[in-house]
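Values in this text are rule-based calculations from the coordinates and carry no lab data. Note that this is a predicted model, so its numbers are computed, not measured. Methodologically, a virtual Cβ is constructed for each residue, glycine included, from the backbone with ideal geometry; neighbour enumeration extends over all protein chains shown.
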Amino acid sequence: MIPFGVPDDGRGLGLGLAALVHSFAQIDGESVALAQLLARKTSETSKLADDDANDAPPPSGEAGPVEAFVPPRAWKDLTGSGNAPAGVNFVLTGSFEPPIDGRGLIQLLAFDTKDGRTRAKVEAHLDGENAGRTLLAAFDELWSQLGGELGTVRDIGDLSWDALESVLRAERCALHDPLRGGPHDRLAAMVHLGRAIGDAPDARFPASRLAALALDAAVANPSDGKLADAALRALVRATEDAPENADLIEAVAALNMRTGNGEEAERRAHEALAIEPERTRLYALLSEARRSRGDLPGALVAIEDGLLHGTADPLLNTERGIVLAERGNLDDAERAWRMVLDGFPLYPPAFSNLASLLMERRDAASATRLVDDVLLACNRGGAHPEVLRRSIQLVLAAEPEGIARASRVKRLAEALLERVPTDAWVTLVLARALAKTGDRKAAIRHLAHVEALAPTSTFASEAQRGRLALEEPKAALEIEAVLRAAYQAPVVDLEVIAARARGLATTHPAWHAYFAVGIAERRLERWRAARDAFAEALRLSSGSTPAHMEIVGAYVALSNPEAALVHARRACELEGENARSLSVLATALLAAGKRDDARDAIDRALSLDATDEANRALAERIRSARNRTSTLTRLRDAFSRFRRS
């Protein structure tokens, strides 16, 4: 399908209409692929692509999106240059004149790519009041001739033009952008849908679509608090326009749950249940909210209430398994998740929870059988990205290392990258699998791609280290040996080790070579030299968490606690809050005179690992408010424990 031609003042609407059909309609059980014409600023059509581009006019010489009616002759001219996508049997094209002045027109044409024969053709006039109904009737007529199903597109039938225009602009913004690895502009899409809800508060499509997009935004970007807050604000504003819409209220409850506000999630779930008490998903959400505050009996009551309305609901039964697991009934939990998977094969929430249980048990046989089901699904058309991601984690955790495991990881990673081509972690995993199976050149290429995809991430630092091991294996082995010696050798040998590490770093500039220099200098308490070495490591790979952690000690020793705090916080961002990163943060906060914050950080560290003696000692020092000398002494002791990942 080619984005429909539109007048100049309707720019973006043709792409939005095509995106709407692409997202929800099917022919012969498959989605309709969306091709996009790209043209240079001269408006000269240049090639076919498969995804999205900006609405704004492109800079001179760059390709930009085209919305155009492409009849068979024009298609033949385009594909005669070899740009035809493989496997395309027919083309759906058309033109769309929005009813901006009260009258509009939709023309749709489907033709065979081989001979240009018309397979279906529809033309309809539309007005502002009945724009959605007329568009739906036109597509319905076309789809009946093609043997397809419109799906959720049918829900636009009750929209007037004002609301429909906002929906189409939202779909354009929600369209996948391969350069961003996600929707073109999530926030803009939610704003447009909120406007559509204001124009049509009783309509189903804008509300359900906003709910889905808002939840997708929170799930796809769990670390982006600002995006989650914006999504929640959009939903709350929409509920003010449509207070009786259970879809919106459920989404508000779910998003509050994702952002850690269990009490508000429970309140909103009750509010939605008052509108639609038969909606079984809400009971699962109510159970989750109660679980979040430790009320497992209350969570089980919510599950039982939900089962009265639908015993086969997969989400409700998955939640039942989670409640059982948290109550310690792991065998019953496993049976609940397997029951879900029997009825709904590879259902992502049940699959993920079962995979986690198998990883904890290190049950290689069961893990292998579960992953076999995923690989079979890949051969038959694919699996959900979350199922593929969890399968990779399951294989790596439960199956023995070797060529066989690497081959399975390779197949799973390749399947996942077809769905999320800009995922740095998956690309790194694939590179390692390729290296294990002997495809050195492909592995190096993928490792370099990781560094380009996410240059400031921990994945990039791991990729740089791995790439050196493949490109210069002898040098890489020597750097690793020197790094181990920098940590473990007697102090009397550190001078020689530091010199050797510096020589390797000069001839083979990789972050972990300079990191070895820094470790040796830190153990010699030459703090400026240590700081400079760690800083050079971070210049080469700013996502190196060990370097961020180590440079904290150097900066504190050099009486620069502000710089130490910057790196400690960055380490927490990169590695997440674990006992090690939080103890480093606590040390930096203490050095900066933020004693209350330091106490909070070390308490969180101890809540994650109460057995760490060094962290318990640091907590005692923070509480007793000792002077800076004891803090520095503690710092030197603490950092001597850190080892490379």
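Ordering Cys173, Cys378 by the number of other Cβ atoms within 10 Å of each residue's own Cβ, fewest first, gives Cys378, Cys173. Set against the labelled values (i) 37.9; (ii) 32.9; (iii) 28.3, Kirkwood radius over Cα pairs in Å computed from this structure falls on (iii). Around the Cα centre of the stretch 473-639, unit charges on the Cβ atoms of Lys, Arg, Asp and Glu (plus for the first two, minus for the last two) sum to a dipole of about 380 debye. Max-minus-min Cα coordinates of the stretch 356-446 on each principal axis give 35, 27, 20 Å, with the largest extent listed first. Ordering Leu300, Ala231, Leu416 by the projection of their Cα atoms onto the charge dipole of the chain, which places +1 on the Cβ of Lys and Arg and -1 on the Cβ of Asp and Glu, puts Leu416 at the extreme positive end. Look at where the Cα atoms of the stretch 1-34 and of the stretch 553-597 average out, and the two centres are 51 Å apart. If R0 equals 41 Å, the separation of the Cβ atoms of Asp77 and Gln488 corresponds to a calculated FRET efficiency of about 0.05. Legend: ranking of residues Glu326, Glu288 from fewest to most surrounding C-beta atoms inside 10 Å; resulting order Glu326, Glu288.
From least to most packed, judged by other beta carbons within 10 angstrom and beginning with the fewest, Thr458, Thr93, Thr437 follow the order Thr437, Thr458, Thr93.
Ranked by the mean number of other Cβ atoms within 10 Å of their residues, highest first, the peptides 383-390, 469-476 fall in the order 383-390, 469-476. Each other residue within a Cβ distance under 10 Å of Asn261 adds +1 if Lys or Arg and -1 if Asp or Glu, for a net charge of 0. Close amide H pairs (under 5 Å, H built 1.01 Å from N) link Leu126 with Gly104, Leu105, Ile106, residues at least 5 positions away or on another chain. Stretching the chain fully between Asn329 and Glu240 yields a gain of 27.8 nm (0.36 nm per residue, less the alpha carbon separation).
Other residues lying with their Cβ under 13 Å from the Cβ of Pro206 contribute a combined charge of -4, Lys and Arg counting +1, Asp and Glu -1. Only helical runs count toward this figure. For the chain, summing -39,500 (n - 2.57) over DSSP H runs of n ≥ 4 and dividing by all residues gives -20500 deg cm²/dmol at 222 nm.
Dipole check for the stretch 356-446: with +1 at the C-beta of Lys and Arg, -1 at the C-beta of Asp and Glu, and the Cα centre as origin, the magnitude is about 280 Debye.
For the chain, the longest principal axis of the alpha carbon atoms and the long axis of helix 628-639 meet at an angle near 70°.
Near Thr113, the amide H atoms lying under 5 Å from its own belong to Phe90, Val91; only residues 5 or more places off or on other chains count, and H is placed 1.01 Å from N.
Dipole check for the chain: with +1 at the C-beta of Lys and Arg, -1 at the C-beta of Asp and Glu, and the Cα centre as origin, the magnitude is about 3260 Debye. As a length-normalised measure over Cα pairs under 8 Å and 6 or more apart, the relative contact order of the chain settles at 5 percent. Near Phe69, the amide H atoms lying under 5 Å from its own belong to Gly5; only residues 5 or more places off or on other chains count, and H is placed 1.01 Å from N.
Treating the Cα atoms of the stretch 473-639 as identical point scatterers in vacuum, please give the log10 of the normalised Debye intensity I(q)/I(0) at q = 0.11, 0.16 Å⁻¹, two decimals. Debye intensities relative to I(0), on a log10 scale: -0.44, -0.88.
Which pairs break 28 Å Cα to Cα here: Lys441/Lys474; Lys76/Lys441; Lys436/Lys474; Lys114/Lys441; Lys76/Lys121? The pairs that break the limit, which is 28 Å between Cα atoms, are Lys76/Lys441; Lys114/Lys441. Looking at the stretch 400-529, what % of the alpha carbon pairs are farther apart than 20 Å? For the stretch 400-529, the share of Cα pairs beyond 20 Å comes to 52 percent. Other residues within the sphere of radius under 12 Å centred on the Cβ of Ala302, judged by their own Cβ, net out at -2 (K and R +1, D and E -1). Each of Trp527, Ala19, Gly194 was scored by the projection of its Cα onto the charge dipole of the chain, and the greatest displacement toward the positive side belongs to Trp527; charges sit on the C-beta of Lys, Arg, Asp and Glu.
Computed from the C-beta positions of Glu401 and Ala481, the FRET efficiency with R₀ = 25 Å rounds to 0.70. Of all DSSP beta bridges confined to the chain, the antiparallel ones make up roughly 95%.
The slack in the chain from Glu525 to Arg154, taken as 0.36 nm per residue of separation less the alpha-carbon distance, amounts to 126.5 nm.
Converting phi to 3J(HN,Hα) with the Karplus coefficients 6.51, -1.76 and 1.60 and the offset θ = phi - 60°, the stretch 312-326 yields 9, 5, x, 5, 5, 6, 5, 4, 4, x, 5, 4, 4, 5, 5 Hz in sequence order, with x at every glycine or proline. Here the simple spin-label model places points 7 Å from the Cα toward Cβ, and for His309 and Thr437 these points are separated by 4.7 nm. Against the chain, whose longest principal axis is taken from its Cα atoms, helix 458-471 shows a tilt of about 70°. Centre-to-centre separation between the Cα atoms of the stretch 190-214 and those of the stretch 333-365: 35 Å.
Does anything in the stretch 504-523 have its amide N under 15 Å from the 7 Å Cα→Cβ label point of Glu495, and if so which residues? Correct set: 521.
An ellipsoid equivalent to the stretch 174-316, defined through the eigenvalues of its Cα gyration tensor, has semi-axes of 26, 18, 13 Å when rounded to whole angstrom and sorted largest first. Placing pseudo-labels 7 Å out from each Cα toward the beta carbon at Arg419 and Gln26 gives an inter-label distance of 1.6 nm. With a simple spin-label model that places each label point 7 Å from the Cα along the Cα-to-Cβ direction, the separation between Arg369 and Ala274 comes to 4.8 nm. Axis of helix 364-379 versus longest Cα principal axis of the chain: the two differ by about 40°, to the nearest ten degrees.
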